[in-house]
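I have placed the structure first, in the form of structure tokens, so that the comments after it can refer back to it.
The values are calculated or read from the model by the stated rules, or taken from the named source; none is laboratory data. Worth saying up front: this structure is predicted, and the values here are computed from it rather than measured. Cβ atoms come from the backbone with ideal geometry, glycine included; neighbour counts cover every protein chain shown. Side chains included, ligands, DNA and RNA excluded: accessible areas come from the protein's heavy atoms. Shrake-Rupley method; radii C 1.70, N 1.55, O 1.52, S 1.80 Å.
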Amino acid sequence: VSLHNPDIKLESLKEDIKDFLKTSGWEKKLQNAVYSELNVFPSPCHPAAPPEHMKEPLAYMRKAQGSWEKRILKSLNSMSTELSIPLAQKRPVSEQKELLNKWNEMGTDEPDLSLFRPVYAPKDFLEVLMNLRNPNYENGEQPSFRNHLGLIQVPLKVKDIPELKEDFSELGLNIGQLGIDDSSQVPPEFFENEHVRVGQKVLVEQDSAAAQQYVRQGCPTALRADLWALILNISNQPEDILYYEQLKSNVIQHDLLVDSLIYKDVKLTASNDDYYFVFEDYLYQVLLCFSRDTSVLEHFTYSSATPPKSYIRGKLGMEEYAVFYPPNGVIPFHGFSMYVAPLCFLYHEPSKLYQIFREMYVRFFFRLHSISSHPSGIVSLCLLFETLLQTHLPQLFYHLREIGAQPLRISFKWMVRAFSGYLATDQLLLLWDRILGYNSLEILAVLAAAVFAFRAVNLMEVTSLAAAEAVLADLSTLKVMPLLQIFLFATVT
């Protein structure tokens, strides 16, 4: 339209387009879209590097991830065979109508799920990670690494406390934080009022990068939903709502075996949780739609994982009859629904809740259940956690190791779930603010180590794994920010 404007001259076209982008608000939208891509996609590899290096540069990690995937798929296929339930089938029309009618109250339905079992639980995954080895290190003694006494035996570089202090400098003791009640420097209400004012300004500006920087000091409760959506570049346009409706109609028309796994998982986890049981219906809606969403497949270009394939009945081994299964390429495991549950506090409109979860998953959560050397990957987080404990609480670390209570056996489930279901929700959201703010999951390992430091006195007295687990069974009273600050900035290094 603007180009037909007689004032527009060819010689000033470039400047005129720039001005138009500014005045129309499109400049901000483009900036946010580019910023979002930069946050998600890995930095470019060496031009000569083969394509699989984009997914994971270390061959032994790729191999381990590949065999883990085979194991999961085998478990799923054998469940399908044992129960004589196909992986996917069209629902009869009567069943479609029924599902459509009770879409908003699926939680009232009580199908018999006794025969279904989770494909795997976090502890099965931990066993696999404990057996990871770098074949190049097997014979040559690597003295620096051989003194790592934890369960993870692969040599990846993880940060030490000085590096973490630098990375998380906005958590410093002299910087105002939401989630700290008695910061000595600044009266909390003064900081909060000012912080809310700045947050409102960031929202008016609609700048993703500014929002990401802002949430490093925590989000005011009233602004969190909008700030997270701005960071994740989610705007819930009419076409997004339409896309969600299409996913919903896919759920209505086709019945997948993974639906029962999702159902069972919600029943075993969120439905028994004091904070989250009220969101049961939302969880079914989001997770069932998620399993059908083929746009999720895009994240496999930068994930070490590969989406599982299944063959149309009677066509086993014929590539042209292979389809991704489930359609999004992600097989849910025990506790998967807890990635969605905390978001239900913030978003009450299903299509927006759905988009936020999907974006959180393809940016962060997939790293917590795939084998890779990425600094935010679960292997690095485990190693970071063990290294922090071994370095800063050596007595505690040795004591627990001696009594057969390796700390990682306790903390692993917290990290795999990003602490969802373990912390009180307000504390969990403060933690997730920082995951978004720093675009990193490393803070999960730091928090896990800080929890052990906080309970160290009691843990020094236990004599078994069960007793250690009992000391750390309830994290719901913990305050996340003071724990992190004390561990990072008050630990003598």
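Here are a few things to note about the model shown:
- Test for residue 379: is it open to solvent by 10 Å² or more (accessible area, probe 1.4 Å), assigned to a helix (DSSP H, G or I) and of a type in the set (Val, Ile, Thr): no
- Taken together, the residues in region 95-148 that are at pLDDT below 90, touching a Leu at 6+ places or on another chain (Cβ under 9 Å) and in a helix (DSSP H, G or I) amount to 2.
- All helices (runs of 4 or more DSSP H) inside region 15-89 with 1 or more residues being farther than 23 Å from residue 329 by Cβ and in the same structural domain as residue 118 (by the TED database): 59-82
- Residue in region 241-248 that is assigned to a helix (DSSP H, G or I), in the same structural domain as residue 429 (by the TED database), open to solvent by 10 Å² or more (accessible area, probe 1.4 Å) and among the charged types (D, E, K, R) present: yes
- Identity of the residue in region 334-354, under 21 Å from residue 274 (Cα atoms) and not in a helix (DSSP H, G or I), that ends up most open to solvent (accessible area, probe 1.4 Å): 348
- In region 316-325, the condition of being buried (at least 22 other Cβ atoms within 10 Å of the Cβ), out of contact with any His (no Cβ under 6 Å at 6 or more places or on another chain) and part of a helix (DSSP H, G or I) is met by no residue.
- For residue 271, the conditions (1) polar (S, T, N, Q); (2) under 27 Å from residue 114 (Cα atoms); (3) open to solvent by 40 Å² or more (accessible area, probe 1.4 Å) all hold with the exception of (3).
- Residue match in region 225-238 (condition: out of contact with any helix residue (DSSP H, G or I) (no Cβ under 6 Å at 6 or more places or on another chain), surrounded by 20 or more Cβ atoms within 10 Å (Cβ to Cβ) and farther than 22 Å from residue 442 by Cβ): yes
- Remark: pairs (first residue in region 317-335, over 23 Å from residue 268 (Cβ atoms); second residue among the aliphatic types (A, V, I, L, M) and modelled with pLDDT under 85; Cβ separation under 9 Å; 6+ apart in sequence or on different chains) = 318/312; 321/312; 322/312; 323/312.
- Residue 384 falls short on exactly one of the conditions (1) buried (at least 20 other Cβ atoms within 10 Å of the Cβ); (2) in contact with a strand residue (DSSP E or B) (Cβ under 9 Å, 6 or more places away or on another chain); (3) of a type outside the set (Ser, Thr, Tyr), and that condition is (2).
- When residues of region 51-70 are limited to those that are free of Cβ contacts under 8 Å to residues at least 40 places away in the same chain and under 25 Å from residue 258 (Cβ atoms), the one least open to solvent (accessible area, probe 1.4 Å): 67
- Pick from region 149-203, criterion under 30 Å from residue 59 (Cα atoms), not acidic (Asp, Glu) and not in a loop (DSSP other than H, G, I, E, B), ranking: modelled with the highest pLDDT: 164
- Checking each residue in region 436-445 for being of a type outside the set (D, E, K, R) and either surrounded by fewer than 24 Cβ atoms within 10 Å (Cβ to Cβ) or touching a Lys or Arg at 6+ places or on another chain (Cβ under 9 Å) (or both) picks out 436, 437, 438, 439, 440, 441, 443.
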